[in-house]
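Inspection log for the structure reproduced underneath, given as structure tokens.
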Amino acid sequence: VSHRIITLDGPAGVGKTTLARRVAQALGIAYLDTGAMYRTLGWKLGAEAENLTDEQLRAQLAGFRFSLSGTGADSVLAVNGVPVGQEIRSETVGMLASVVAKLAPVRDAMKAAQQAMGAETSLVAEGRDMGTVVFPNATCKIFLDATPQERARRRHEQLAAMGQPADLAELTEQIRLRDEQDRNRAIAPLRPAHDAVIVDTTALDINGVFEEIMRHAGRV
Ligand code: C5P
């Protein structure tokens, strides 16, 4: 099978990371969690990144070199040779990621890094702008959605499983704010590509969503 890129975009808590890993495993290709790249920057640069000049920010960004190795469930995203860890998984870091993800120098740098990875290897790429901006010529584009309540419930469950229990009402509000920020930003806002398959996952379990994605991705 030739080089292929499958994009998986959608709002917070829809289950993209779990599904991307599983689809990549089934297809024997790498998976790229681009949210983890923005989370790493949010965590390391903090909200102060907003106050830097573009030139200062670009200088800071030069200090982050992202790389991807392995395939399927063994795909590893590293920054400067160190695999990204669990410390970026909190909702607080998610919000910091969303703040830095609005900045043009950040988006330019991440787009270049992601496209370089996609030029080297077949990928399941998950994020917000994979189908719209980073890989407009992808083989297959999926946009996952679910109601805000269901996404908050899923994220709540996921955080608890990682030993980071959170308050459901608070989490629901945090996710609402983050989605609003991601949908309304000027550059690369969260939205489906015109040629994406939209999958409403609200009433589906993870196996159901996986099968639906494979129906589209498996035959390309
Ligand atoms: O997917 P995840 O929740 O880990 O992403 C964290 C944040 O990173 C998102 O809320 C969004 O602001 C940003 N992001 C982005 N573009 C992507 C992936 C993530 O702007 N491709």
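The values are calculated or read from the model by the stated rules, or taken from the named source; none is laboratory data. Given the structure is predicted, the values throughout are model-derived calculations rather than measurements. Cβ placement follows ideal geometry from the backbone for every residue including glycine, while neighbour counts extend to all protein chains displayed.
Since V197 meets every condition but one in (1) closer than 24 Å to R107 by Cα; (2) of a type outside the set (S, T, Y); (3) touching a His at 6+ places or on another chain (Cβ under 8 Å), which condition does it not meet?
(1)
Among the residues of the range 1-15, how many are within 10 Å of the ligand (Cβ to nearest atom) and assigned to a loop (DSSP other than H, G, I, E, B)?
5
Report yes if S67 is under 23 Å from T132 (Cβ atoms) and of a type in the set (S, T, N, Q), otherwise no.
Values: under 23 Å from T132 (Cβ atoms): no; of a type in the set (S, T, N, Q): yes.
Here the answer is no, as S67 does not meet what is asked.
Given the criteria at pLDDT below 95 and within 16 Å of the ligand (Cβ to nearest atom), does K44 qualify? Even if it seems obvious, please write down each step before you answer.
Values: at pLDDT below 95: no; within 16 Å of the ligand (Cβ to nearest atom): yes.
No, not satisfied.
For the range 63-102, how many residues are part of a helix (DSSP H, G or I) and among the β-branched types (V, I, T)?
In the first step, residues of the range 63-102 are kept if they are part of a helix (DSSP H, G or I); the result is 72-74, 86-88, 91-100.
Right, trim to among the β-branched types (V, I, T) and you get 88, 92-93, 99-100.
So the answer is 5.
What number of residues within the range 158-194 satisfy the criterion of being part of a loop (DSSP other than H, G, I, E, B) and either loosely packed, with under 12 Cβ neighbours inside 10 Å or within 12 Å of the ligand (Cβ to nearest atom) (or both)?
Narrowing the range 158-194 to residues part of a loop (DSSP other than H, G, I, E, B): 162-167, 185-194.
Next cut, either loosely packed, with under 12 Cβ neighbours inside 10 Å or within 12 Å of the ligand (Cβ to nearest atom) (or both) only: 162-163, 165, 167, 185-191, 194.
Residues in the range 158-194 being part of a loop (DSSP other than H, G, I, E, B) and either loosely packed, with under 12 Cβ neighbours inside 10 Å or within 12 Å of the ligand (Cβ to nearest atom) (or both): 12 in total.
What tally of residues in the range 16-41 results from selecting those that are of a type outside the set (D, E, K, R), within 16 Å of the ligand (Cβ to nearest atom), surrounded by fewer than 24 Cβ atoms within 10 Å (Cβ to Cβ) and farther than 15 Å from Q114 by Cα?
2
Confirm whether L61 is within 11 Å of the ligand (Cβ to nearest atom), under 22 Å from Q115 (Cα atoms) and either of a type in the set (V, I, T) or at pLDDT 95 or above (or both). Show your work before the answer.
Working: within 11 Å of the ligand (Cβ to nearest atom): no; under 22 Å from Q115 (Cα atoms): yes; either of a type in the set (V, I, T) or at pLDDT 95 or above (or both): yes.
So L61 does not fit the description; no.
Mind checking which pairs have a first residue in the range 172-186 that is more than 18 Å from Q158 (Cβ to Cβ) and modelled with pLDDT of 95 or more and a second that is more than 10 Å from the ligand (Cβ to nearest atom) and not in a helix (DSSP H, G or I), Cβ under 8 Å, 6 or more apart or different chains?
That search, which allows pairs on different chains as well, returns R183/R191.
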